[in-house]
Structure formats: C-alpha cells, structure tokens
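Colleague: Let me begin by handing over the structure; questions about it come next.
The values are calculated or read from the model by the stated rules, or taken from the named source; none is laboratory data. Just so it is clear, the structure is predicted and the values come from calculations on it, not from any experiment. All Cβ positions, glycine included, derive from the backbone under ideal geometry; neighbour counts span all protein chains shown. Each accessible area value is taken on the protein alone, full model and side chains, heavy atoms only, with ligands, DNA and RNA left out. Shrake-Rupley method; radii C 1.70, N 1.55, O 1.52, S 1.80 Å.
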Amino acid sequence: MLGLRQKLSFGFGGLLIIILAIGIQSVLHFGRLAKSIDLILRENYSSVLACQNMKESLERIDSGVLFILLDYSEKGIELVDANEKSFEKALKIELSNITITGESAKAFYLQSLYGRYKSALKDIKNPGAEPAVKRDAYFNNLLPLFRQIKNTAEEILQMNQQNMNISNEAARTGVAAARRQMYILLFIAILVAIGFIFFIGVWVLRPINRLIKSTDEIKKGNLDLVVQSNSNDEIGRLSESFNSMAASLREFRRSDQAKLIRFQRATRQAFASFPDVIAVIDLEGKVELTTETAENAFGLKPNTIIFTLPFEWMGKLYNDVRNTGRPVQHKNNQTAIQHFVNGEEKYFRPSAVPILDDMKQLTGVILILQDITQFRQQDEIKKGVISTVSHQLKTPLTSVRMAIHLLLEKNVGSLNEKQVELLLAAREDSERLHSILNNLLDMTRIESGKVRMDIHPVSPVSLASEAIEPFRRTAEDQGVALSVEIPANMPDVQADMTRIGHVFSNLLSNALKYTSPGGKVTISAKNEDMFVRFSVTDTGRGIDDQYLSRIFQPFFRVPDEDRGRERGAGLGLTIAKDIVEAHEGTMGVQTQKGKGSAFSFTLKKSPQDAK
C-alpha cells in the first residue's frame with residue numbers, strides 16, 4: 001500500500017508534469033511566434049519602409065526640378081542633390097533585402113530606371129541650357145521616368161505588404177492553435193487537481209479530522225476512545241501511536257487519581273491537626289480546604305463563600321492579595337483582631353498569602369489567622385509587672401535621692417572627701433535609675449494608650465528648631481556642626497510638640513554621642529504623600545547590619561567599642577518609636593558602617609495641607 005509520502009508525490013507529480021507540459025508548449029509557441037514577427041520585420045517591413053522613402057525622395061527631387069524650371073536654380077539644385085542621396089540610400093536597402101519571388105526583377109528594373117532618370121536630370125541641372133530645352137527634357141524624358149520609377153516602387157511596396165499580411169495570418173493561426181492546446185492542458189490540470197484534492201481529503205484530511213476530534217474528546221477527559229485506522233501509511237501509524245498514548249494516559253490517570261486521593265486525605269489530616277486558623281480559598285472566594293480551628297472559630301467551612309461571613313476585614317484581605325498578587329497582612333495588625341470563641345476572648349493576627357503556579361499566575365489564596373492570645377496575655381502581664389515595679393520603686397527611690405541630696409548639702413553633718421565621692425557616685429546611679437523608671441512608665445503609658453496627646457498643627461521648621469536648640473552648646477564643645485535643612489514652605493504636621501521634642505532629643509543625643517569632632521548632624525524633612533518625613537542624619541561610625549533588626553527593641557544596646565562612653569538603658573529608641581506610632585507614623589533607620597546613620601520618622605500633615 002502506498003504511504004502518505006508516495007500519495008502526495010503522486011498527486012503533486014501529476015500536477016508538475018502538466019505544468020511542465022504547459023510551460024514547454026508555451027515556450028515553443030512563443031518561439032515560433034517570435035520568429036514570425038522577426039521575419040515580418042526583417043524581410044518585409046524594411047523593404048516597405050525603403051520603398052516609401054524612395055517615393056518620398058523622388059517627389060522632392062521632382063519638386064526641385066520644378067524650382068529649376070521656374071528659374072530658382074540654386075534652391076532647386078540644392079533640393080535635388082539632398083534627395084538624390086536619400087533615394088540612393090533607400091534603393092541600396094531594397095537591393096540588399098530581396099526576399100520575395102519576383103521582387104528581384106522589379107528591384108533591378110527600378111535601379112535601371114533610376115540610372116536613366118539621373119542621367120536625364122543632369123541636362124536639367126545644366127546652368128548653360130536654355131529654359132525651353134530644359135522644359136522639353138522634363139516633359140519628354142524626366143516626367144515619364146518619374147512616373148515609371150514611382151509605380152515600380154509602389155509595386156514592390158505592395159508585394160511586401162501582401163507578404164506581411166500572409167505572415168501575420170500564419171502567426172494568428174499558430175497562436176489560435178497554441179491557445180487551444182493551452183485550454184486542453186489547463187482542463188486536464190483542473191481535472192487532475194480536483195482528483196488530487198478529493199484523494200487528499202480521503203487519504204489525509206479525513207484521518208486528521210478524526211485525530212482532531214479525538215484530541216477534543218481527550219481534552220474533555222474522555223480517555224476511553226479508540227481512533228479507527230484503515231491504512232498503513234504515516235496517518236495510520238500516527239493513529240496507532242495516538243491509541244497507545246490514550247492507553248498510557250488512562251493508566252497514568254488511574255495511578256494519579258490514587259496519588260491525588262492519598263495526597264488530599266493526607267493534606268486534610270495535616271490541616272486538621274494545625275492549631276492556627278488556616279483556609280485555602282479559590283479565585284471565586286470559596287473555601288476549598290480548612291483547619292478544624294477555622295471551622296469552629298470563624299465558620300470557614302469547605303464550599304463557604306468568605307464574602308457571606310460577617311467579617312468585612314476578611315474579604316478586604318482576600319481582595320488585596322488577588323489585586324496585588326503579594327502577601328498581605330491586616331492593616332491593623334498592631335492591635336490584632338478580637339474574636340470570642342466559645343465565650344472565650346481570643347486575639348488573632350490575620351495575613352493572606354497568594355498561591356502561584358509555575359507561570360507566576362494566581363490560582364488561590366491561603367488565609368492565615370495566627371492565634372496571639374497567649375502572646376498578648378504575656379505582654380499585658382509584662383506591662384503590668386513593669387508598671388507595678390516602676391511605681392513601687394519610684395517612692396523609695398525618691399527617698400534615697402532626697403537622702404543623698406541632704407547628705408551632700410551637709411545638713412546633717414560634715415563629710416570627708418571619701419564620703420563625698422561615694423555619695424556623688426550614688427547620686428549619679430540613683431538619677432540614672434530614676435530616668436530608667438520614668439522611661440518605663442512612659443513606655444507603659446504610651447503602649448496602653450493612657451497618655452494624652454496635645455496634637456495640633458505645627459510648622460516642621462519651628463518643631464526642628466526648638467528641638468535642636470538645647471544641643472547647640474554640646475555640639476560646639478564636641479566640634480560637631482549642627483544644622484536644620486527644612487524648606488520654609490514645608491506643610492504643617494499634626495504633632496504633640498513635647499512628645500516629638502522627646503523623639504528629636506533622643507535622636508540628636510545619640511547622633512552627637514557617636515559623631516567624631518569635625519563631623520556633622522543634620523535635621524531635614526521632605527514630603528511623602530499624606531506625611532512629612534523627618535530625618536536626623538549624622539556622619540558618625542554607623543551601625544552594623546546585624547543589629548538593625550533589634551535596634552528598636554526595649555533594653556537593647558548596640559555593643560560600644562568605646563568602653564568609657566556613657567551608656568543608657570536601651571529604652572530611648574523604643575520610647576521614640578512608640579511616640580511616633582502613637583502619632584500614626586512610622587520610624588526607620590538607614591546606616592552605612594563607617595559613614596554614618598540616618599534615623600527617620602513620619603508625621604501626618606495637617607488637614608488643610610493634606611489636600
């Protein structure tokens with residue numbers, strides 16, 4: 001049986017043969033037609049043109065003779081001489097292009113007549129001859145020869161024109177025959193092409209259409225079909241391979257279904273054991289997989305649409321992930337979400353993570369609600385202990401400070417030098433302890449929201465200028481340049497001047513502490529949408545990257561290379577950050593080891609400037 005290649009070669013080969021036949025016939029017919037046209041031009045048209053030129057030249061010679069007879073000899077002789085050359089040139093062309101039977105005798109007869117005409121013409125051109133003699137020579141000799149020459153040239157012209165017509169008819173007959181042959185070959189080619197198209201449909205298109213329908217069925221999930229094949233060509237072998245592929249897919253489906261069932265069951269069991277609230281949500285907002293805690297605490301049961309649940313923040317969190325394709329946390333994550341489970345108060349920190357495929361396309365969302373109840377309770381206990389201890393220590397510490405003060409004032413007796421030295425050290429430590437207790441109490445009040453803020457519009461320039469003033473003398477003593485670089489047209493901010501002054505005080509104190517003489521400390525500000533960002537930048541030694549994640553933690557102090565430097569308790573930056581966040585701002589740091597640091601924080605613009 002013929003293969004697909006042989007079938008296609010057979011069909012295209014027949015068309016190729018017909019195309020070649022048509023091409024060869026066309027070349028042959030066009031060659032014959034070209035020869036006919038060349039023959040007409042070369043053998044007849046040249047003679048026709050030469051005879052026409054001889055007649056015209058003869059007419060002009062006769063006109064010149066008439067000028068001579070009318071006593072315009074000079075002009076007449078000039079006209080005769082010019083056209084004699086033209087006549088002789090045309091006669092020469094005719095004598096060299098004799099191609100028709102009988103044309104030779106007439107051409108040579110024309111040549112002899114012209115010789116006699118030229119001889120008689122000399123008498124007319126003779127300037128010494130009498131006018132009467134010239135007239136007799138013209139009418140008796142020259143005029144009859146003129147007529148004979150003209151008639152002979154006309155006869156030669158008619159002979160060539162008649163031969164041109166005969167050649168033209170022969171060429172037309174050849175063209176008509178070639179056209180008929182072309183029509184016949186084109187009709188045969190059309191029949192062969194129609195037959196080839198029909199057999200192509202039977203041999204190729206019909207089996208391919210069966211394969212296309214089979215692939216559509218497989219796409220729908222039908223792997224049980226079998227493609228029928230009645231040939232042993234390439235299409236038949238492709239059908240057999242397709243059937244083998246479908247059989248393999250059926251086997252893979254059986255094994256994959258078993259694996260999928262095992263994976264789903266294992267996933268559900270693993271999810272059920274998770275203590276946190278976790279739910280897998282599809283792109284339509286429907287819960288697909290969830291933990292037992294999620295079902296019990298928030299009603300996140302499979303097939304539940306999250307938008308139908310009474311938790312508006314949950315839908316917003318889901319939409320944020322769908323719109324951005326990035327992990328998102330609840331915007332109010334500092335206070336977390338309060339929710340009662342079985343009558344018990346719980347706190348959860350919500351977040352959502354996108355599920356992406358290999359093409360980075362979103363396929364679902366994982367909603368995670370971390371139970372932070374225990375952490376919150378521990379934080380409350382810690383704050384309560386700190387507040388209680390601070391209050392309990394503050395009263396006896398005040399007595400100790402007062403006693404040290406009275407002793408140093410020598411109100412209870414004189415002191416020797418050693419006693420004064422010990423009391424000064426005790427006073428320094430008690431003052432330091434008093435500052436730590438005040439900071440702890442401030443931090444506790446700010447975190448609990450019990451501190452009342454006197455927030456009102458303030459000019460950034462005046463805010464920074466007032467904060468920097470107490471440090472100018474210290475900066476001069478240390479040889480450090482201290483400056484404010486804030487544009488005068490900077491919009492007002494919403495701030496408690498006393499509290500923000502405490503923030504600036506802490507940042508400026510640290511900057512001066514770690515900036516060497518000759519360095520510079522600068523306060524600057526810039527616009528950021530609804531906020532103004534303040535920065536305190538120094539040219540000090542900077543901070544190692546390993547400490548940046550802990551720098552705002554309570555009681556953390558960056559290890560100091562200068563052991564003799566006075567160091568605090570590690571609460572300054574923590575309290576500063578709490579004050580800024582109480583103003584609904586943020587605080588951060590940028591640093592480069594050996595080149596300095598830039599601590600920055602944001603404050604909201606006043607309502608009239610935020611528009």
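Colleague: Collect the residues in the range 421-475 that are open to solvent by 70 Å² or more (accessible area, probe 1.4 Å), at pLDDT below 75 and within 24 Å of residue 603 (Cβ to Cβ), keeping them in residue-number order.
Modeller: Answer for the range 421-475, where residues must be open to solvent by 70 Å² or more (accessible area, probe 1.4 Å), at pLDDT below 75 and within 24 Å of residue 603 (Cβ to Cβ): 445, 447, 450, 452.
Colleague: Specify which of the listed residues (166, 156, 149) is open to solvent by 20 Å² or more (accessible area, probe 1.4 Å), over 14 Å from residue 66 (Cα atoms) and not hydroxyl-bearing (Ser, Thr, Tyr).
Modeller: 166
Colleague: List pairs: first residue in the range 501-524 and within 16 Å of residue 600 (Cα to Cα), second residue among the charged types (D, E, K, R) and open to solvent by 50 Å² or more (accessible area, probe 1.4 Å) anywhere in the structure, Cβ distance under 6 angstrom, at least six positions apart or on different chains.
Modeller: Note: pairs meeting the criteria are 522/485; 524/485.
Colleague: Residue check: is residue 87 in contact with a Ser or Thr (Cβ under 6 Å, 6 or more places away or on another chain), assigned to a helix (DSSP H, G or I) and of a type in the set (A, V, I, L, M, F, W, C)?
Modeller: So residue 87 passes the test.
Colleague: Further, regarding this structure: Among helices (runs of 4 or more DSSP H) lying entirely in the range 103-212, which contain 3 or more residues that are within 23 Å of residue 50 (Cα to Cα)?
Modeller: Correct list: 103-125, 143-200.
Colleague: Cβ-Cβ distance below 6 Å, separation of 6 or more or different chains: which pairs start in the range 284-312 with a residue that is within 22 Å of residue 347 (Cα to Cα) and end on one that is part of a helix (DSSP H, G or I) and open to solvent by 60 Å² or more (accessible area, probe 1.4 Å)?
Modeller: Pairs that qualify, where the first residue is within 22 Å of residue 347 (Cα to Cα) and the partner is part of a helix (DSSP H, G or I) and open to solvent by 60 Å² or more (accessible area, probe 1.4 Å), are 301/295.
Colleague: Take the range 479-500 and flag every residue that is in a helix (DSSP H, G or I) and surrounded by fewer than 17 Cβ atoms within 10 Å (Cβ to Cβ).
Modeller: Start the filter on the range 479-500 by keeping residues that are in a helix (DSSP H, G or I), which leaves 497-500.
Correct list: 497, 498.
Results for (1) without any contact (Cβ under 8 Å) to a residue 24 or more places away in the chain; (2) open to solvent by 40 Å² or more (accessible area, probe 1.4 Å), shown as yes or no for each residue.
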site	(1), (2)
81	yes, yes
94	no, no
100	no, no
112	yes, yes
116	no, yes
129	yes, no
136	yes, yes
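Colleague: Further question on the same structure: Give the residues of the range 49-72 that are of a type in the set (Ser, Thr, Tyr) and surrounded by 17 or more Cβ atoms within 10 Å (Cβ to Cβ), sorted by residue number.
Modeller: Scanning the range 49-72 gives a single hit, 57.
Colleague: Tell me whether the range 371-385 contains one or more residues that are at pLDDT 70 or above and of a type in the set (A, V, I, L, M, F, W, C).
Modeller: yes
Colleague: Further question: Could you grab the pairs with beta carbons closer than 7 Å, sequence gap of 6+ or different chains, first residue in the range 46-61 and free of Cβ contacts under 8 Å to residues at least 12 places away in the same chain, second one among the hydrophobic types (A, V, I, L, M, F, W, C)?
Modeller: No pair meets every condition.
Colleague: Another question about this same structure. Just the residues that are closer than 19 Å to residue 352 by Cα and modelled with pLDDT under 70, please, taken from the range 273-304.
Modeller: Hits for the range 273-304 are 274, 275.
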